[in-house]
Amino acid sequence: MLSFALALVGILAPVGSYASDPGPSACANITSQLGSSKVVNNRFSLKYHESTEYWSTPQGDHKPACIVYPTTSKDVSTILQSVRAADSRFAVKGGGHNPNDFFSSTDKGVLIDLSKLNKKSYDSETTLATYEPGGVFGNIYEYFEQFNRTVVGARLSGVGTGLALGGGMSYLSPQYGMACDSFRELEIVLPNGTIVTASNTTNTDLFFASRGGGGNAYGIVTKYTVQSRPIGEFWSGNLIYAFPQKDTVADAIGDFIQYNTDPKAAIIGTYEKLPTPDINLNLDEIIIMFLVYDGPDPGTAFDNFTSIPHLLDTSKIRSYPEVVDMPIPVATEISRGNNIFRVGVHYADNDEYKFALDKWRAWGEEHKGKYLLLSLDYQPVPKSLTDASKAQGGNAMDMPDGPWFWLNYLLTTPPGMSKTAVDAVRSSFRDMVESTGNAEGLPLFINDASADQHPLSTFSTYSRLQEIKQKYDPDNFFADKTGGWSFE
Ligand SMILES: Cc1cc2nc3c(=O)[nH]c(=O)nc-3n(C[C@H](O)[C@H](O)[C@H](O)COP(=O)(O)OP(=O)(O)OC[C@H]3O[C@@H](n4cnc5c(N)ncnc54)[C@H](O)[C@@H]3O)c2cc1C
């Protein structure tokens, strides 16, 4: 009974009683400056629980000393200065979809949950849109739809705005470039707490690095001003094929990557393996194509896919918010689990797109029972995308001319697996992915990368990014106190 009472005191004690601990001390300071309505300390509250939910669920095992909900950039500045003064660890959470440990989670530090920074606006004269970093792209698209406009962002509604800082691949990217290419001005709270504007005319180096050079590195973005894009009806759908079609579909994907020149046509080609036992009926594997056309009539753009015999075709005319809810509205929620990503980058003028698929499948067959879901996604980077990027000044990836493609690998390990077993299967998975090798001179995509892949070092701009990081985070406050990409 006594131990229960002591535990209760521990849970309910004001954060100040741990003043020697950096996290609680930062929390106490933040509470005194922002008021208790913007800070949650109680681990057992619903709010605490919601804020520590992540797409890759093990990140939720990390327990921050408190969670803070800034509503203005000034709040963010106050928070960073308090964290710095207490020498605490911290994390910045947008939509919580980055699967790398500690990228948006923290143990015993201060979790800065951006969800309440969620204002948006549209200026019909300039056609510029603004959005703050809270919320997910589905909500952002729904807001701008009333103006028949949208912003370049995620292909699934549930993903957060940290996506744009890592580049951001959209169904509209073949027309307008990556999400970050549409940035026109950013409001950023620097690691020292100063609130600045970054654009093509002010803090141009910071603006450059923030366009695809990763979040959580040079400060906290509190407002995005972007070029909005016109939006109307979309022809879109999923085609589902049985696995015996794998090579035919792979050829169609390879052909699309190489030869499609219609920038309104976008695809994701996904191969999925499920944990069901293989009883030679191919019930444990499936191919799902995502076909999206910006307009009601795709013409012949997808004929190579529709002509392959398929099990299901969901294509129809959709609004943009409906497009990003394909195949089902809650896709990001139901795919939560012990997830990791890895990424590859390749040209399509050789057979690498087939080799990678064969290796992936062989690995999946060999490791049955050790994953809940295994998927391989082909993401084309057409020349129209890299041209659109360059026309807007280019980005931190300095993307060489398309066509080429990123391959996104997802591994979800089953619940209840021991850490040793998870580590072993992940390391074997890593070896399989790395055995395909990557094309020389092409950047790995930050948004799909595992931290150990060190994607920034594959950018031709890496040394410039290192200098910018050093300039804006000179005492390594972010580098030492929060997770994120390595600059070393
Ligand atoms: C189901 C799913 C679908 C996806 N679809 C796409 C897609 O269509 N296109 C694509 O490009 N990527 C996609 N991704 C990858 C996605 O872009 C990355 O996982 C991205 O990091 C998610 O951003 P977030 O805000 O949701 O996550 P978070 O984990 O909250 O944030 C990601 C990183 O950015 C930092 N960060 C977030 N906001 C800020 C800010 N305002 N200032 C400074 N740092 C910040 C965080 O600290 C963290 O390190 C997808 C991922 C998943 C899981």
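Bear in mind these aren't lab numbers, they're just calculated from the coordinates by the rules spelled out. Bear in mind the structure is a predicted one, so any value in this text is a computation, not a measurement. Counting neighbours? That spans all protein chains shown, and the Cβs are built from the backbone with ideal geometry, glycine included.
Shown for Lys273, Lys354: other C-beta atoms within 10 Å of each C-beta, ranked fewest to most, produce the order Lys354, Lys273.
Taking every C-alpha pair closer than 8 Å and separated by at least 6 residues, the mean separation divided by the residue count of the chain gives a relative contact order of 16 percent. Applying 0.36 nm per residue to the separation of Ile334 and Lys471 and subtracting their alpha-carbon distance, the gain on full extension is 45.2 nm. Cysteines of the chain lacking any other cysteine Cβ under 4.7 Å from their own Cβ: Cys180. Close Lys pairs in segment 231-371, defined as Cα atoms under 26 Å apart and 8 or more places apart or on different chains, number 17.
Stretching the chain fully between His49 and Glu233 yields a gain of 62.4 nm (0.36 nm per residue, less the alpha carbon separation). Rounded to the nearest Hz, the phi-derived 3J(HN,Hα) couplings of segment 440-457 under the Karplus curve 6.51 cos²θ - 1.76 cosθ + 1.60 (θ = phi - 60°) are 4, x, 9, x, 6, 7, 3, 5, 10, 9, 8, 3, 6, 7, 6, x, 4, 6, where x marks glycine and proline. In this simple spin-label model, placing a label point 7 Å from the Cα along the Cα-to-Cβ direction at both Ser486 and Gln33 gives a separation of 3.2 nm. Other residues within the sphere of radius under 13 Å centred on the Cβ of Phe487, judged by their own Cβ, net out at -1 (K and R +1, D and E -1).
Under 18 Å Cα to Cα from Lys108, which aspartates and glutamates show up? Leave out anything in the same chain fewer than 8 places away. Those aspartates and glutamates meeting the cut-off are Asp21, Glu50, Glu53, Asp61, Asp87, Asp480. Only one residue of Pro414, Met432, Thr386 has its Cα farthest out toward the positive end of the dipole of segment 346-441, where Lys and Arg carry +1 and Asp and Glu -1 on Cβ, and that residue is Pro414.
Straight-line reach from Lys120: taking Cα to Cα under 20 Å and skipping same-chain neighbours fewer than 8 places apart, the lysines in range are Lys74, Lys93, Lys223. Could you compute the longest span of the chain free of chymotrypsin sites (Phe, Trp or Tyr not before Pro) located in DSSP loops and having at most 15 other Cβ atoms within 10 Å, not counting the site residues? The longest uninterrupted stretch comes out as 148-488. Report the gain in length on full extension from Ser418 to Ser124: 0.36 nm times residue separation, minus Cα-Cα distance, nm rounded to one decimal. Roughly 100.4 nm would be gained on extension.
Taking every DSSP helix (H) stretch of at least 4 residues in the chain, weighting each as -39,500 (n - 2.57) and dividing the sum by the residue count yields a mean residue ellipticity at 222 nm of -8500 deg cm²/dmol.
Taking every C-alpha pair closer than 8 Å and separated by at least 6 residues, the mean separation divided by the residue count of segment 234-452 gives a relative contact order of 28 percent.
Distance between the modelled labels on Val196 and Ala439, one decimal in nanometres: 3.5 nm (7 Å Cα→Cβ projection). Of Met178, Met169, the sequence from fewest to most neighbouring Cβ atoms within 10 angstrom is Met169, Met178. Each Cα pair under 8 Å and six or more residues apart adds its separation to the average, and for segment 210-334 the resulting relative contact order is 40 percent. Model label sites at Thr300 and Asp61, defined 7 Å from Cα along the beta-carbon direction, differ in position by 5.5 nm.
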